[in-house]
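Undergrad: Could you have a look at this structure, given as structure tokens, before my questions?
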Amino acid sequence: MNNVRNIYCVGWNYRLHAQELGNTVPESPIIFTKPTHALVEMTGQEIPFPADQGSLHYEAELVLVIGKAYRPGIRVDELVDRMALGLDMTLRDKQNEVKKQGRPWLSCKGFLRSALITKTLPFPGIDNLGKTEFVLQKNNQEVQRGNASLMVFAPQTLVDYIGSRYGLDAGDLIFTGTPVGVGPVNHGDHLALYWGEKQLGECTVQLG
């Protein structure tokens with residue numbers, strides 16, 4: 001994707017996912033960022049990841065593509081013009097370590113090629129967003145299934161929270177959180193993301 005400015009990510013935005021990691025469901029959105037250098041479009045290619053920093057996990061997410069500047073009172077349907085699916089790749093062992101130490105998540109969430117994204121689609125509108133589920137397949141087996149209607153913090157809450165505190169403008173992305181079912185990837189694993197029955201992106205994991 002071209003002209004990406006900021007990559008905002010939402011932590012623990014699905015109740016069952018927070019529980020599967022042993023975390024308390026947050027009372028307000030947990031926001032972190034990834035560098036733009038982390039972004040890679042999934043076009044069927046092999047993508048290299050570090051093999052010497054512990055377990056690498058996939059986290060499938062719905063991604064909002066911001067089309068204009070945020071202003072108070074703006075509706076999601078006005079602000080978001082396109083959407084995609086993404087993978088928030090996470091060094092899980094390192095994340096557990098930095099959580100215990102109270103350190104920032106950059107090392108476990110913001111490494112090179114840690115923000116994978118599919119091609120984009122026109123945003124269907126907030127009323128229609130929950131009518132389609134997104135799915136991650138690993139080696140042709142479904143491992144995650146999500147629906148925007150199950151988010152702890154809805155898209156409108158997220159854009160208001162992020163926009164009012166940090167700013168939002170055209171070219172920004174919001175990775176909106178992952179549903180239950182995260183897990184590890186191994187060398188040679190094939191990952192594919194689907195919006196309903198339509199595949200939007202795929203790649204093969206290369207650990208090395």
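The values are calculated or read from the model by the stated rules, or taken from the named source; none is laboratory data. Since we're looking at a predicted model, the values are computed, not measured. Note that each Cβ is placed from the backbone with ideal geometry, even for glycine, and that neighbours are counted across all protein chains shown. Areas reflect the complete protein model, heavy atoms only, side chains present, ligands, DNA and RNA absent. Shrake-Rupley method; radii C 1.70, N 1.55, O 1.52, S 1.80 Å.
Undergrad: Sort 104-111, 195-202 by the packing proxy (mean of other Cβ within 10 Å over each peptide's residues), most packed first.
TA: The peptides rank, most packed first, as 104-111, 195-202.
Undergrad: Right, another one. Report the paramagnetic label zone for ARG82: residues of region 1-27 whose backbone N is under 16 Å from a point 7 Å from Cα along the Cα-to-Cβ axis.
TA: 1-7
Undergrad: Sticking with this structure for a sec: PRE reach from SER107 (point 7 Å along Cα→Cβ): which of region 46-79 fall under 12 Å by backbone N?
TA: 53-54
Undergrad: How far is it, in nm, from the label point at HIS37 to the one at ASN3 when both lie 7 Å from their Cα along the line to the Cβ?
TA: Those two pseudo-labels are separated by 2.5 nm.
Undergrad: Moving on to the next point. With 24 Å as the limit, write out which pairs from LYS100/LYS138; LYS109/LYS198; LYS109/LYS138; LYS68/LYS138; LYS94/LYS198 have Cα-Cα distances beyond it, or answer none.
TA: Check vs 24 Å cut-off fails for LYS100/LYS138; LYS109/LYS198; LYS68/LYS138; LYS94/LYS198.
Undergrad: Not counting ligands, DNA or RNA, and with a 1.4 Å probe, what is LYS131's accessible surface area in Å² rounded to the nearest 10?
TA: 150 Å²
Undergrad: Sorted from largest to smallest, which semi-axis lengths in Å does the alpha carbon gyration tensor of region 1-77 give for its equivalent ellipsoid, taking the root of 5 times each eigenvalue?
TA: Three semi-axes, in Å: 25, 22, 11.
Undergrad: Round to the nearest 0.05 the FRET efficiency obtained for ASP52 and HIS190 when R0 = 30 Å and r is the Cβ-Cβ distance. Mind dumping the intermediate values first?
TA: Details: r = 22 Å, r/R0 = 0.75.
It comes out at approximately 0.85.
Undergrad: Taking R0 as 45 Å, what's the FRET efficiency between GLU197 and GLU97 from their Cβ-Cβ distance, rounded to 0.05? Each step should come with its number before you reach the end.
TA: Details: r = 39 Å, r/R0 = 0.87.
With a Förster radius of 45 Å, E is 0.70.
Undergrad: Per residue, how large is the accessible surface of the chain? Use a 1.4 angstrom probe and give square angstrom. All intermediate terms of the calculation are to be shown ahead of the outcome.
TA: On the way: 9320 Å² over 208 residues.
Dividing the accessible area of the chain by its residue count gives 45 Å².
Undergrad: Follow-up. Return the calculated 222 nm mean residue ellipticity for the chain, to the nearest 500 deg cm²/dmol, obtained by summing -39500 (n - 2.57) across DSSP H runs with n ≥ 4 and dividing by the residue count.
TA: Details: 6 runs with 39 residues, N = 208.
Computed ellipticity for the chain at 222 nm equals -4500 deg cm²/dmol.
Undergrad: Counting only the heavy atoms of the protein chains, how much of SER164 is accessible to a 1.4 Å probe, in Å² to the nearest 10?
TA: 80 Å²
Undergrad: If I compute solvent accessible area with a 1.4 Å probe over the protein chains, what percent of it on the chain is carbon and sulfur?
TA: On the chain, the fraction of accessible area on carbon and sulfur atoms equals 46 percent.
Undergrad: What FRET efficiency comes out for the pair LYS68/ASN147, r = Cβ-Cβ distance, R0 = 22 Å, nearest 0.05?
TA: With a Förster radius of 22 Å, E is 0.25.
Undergrad: Per residue, how big is the convex hull of the chain when only Cα atoms are used? Give it in Å³.
TA: Expressed per residue, the convex hull around the Cα atoms of the chain is 108 Å³.
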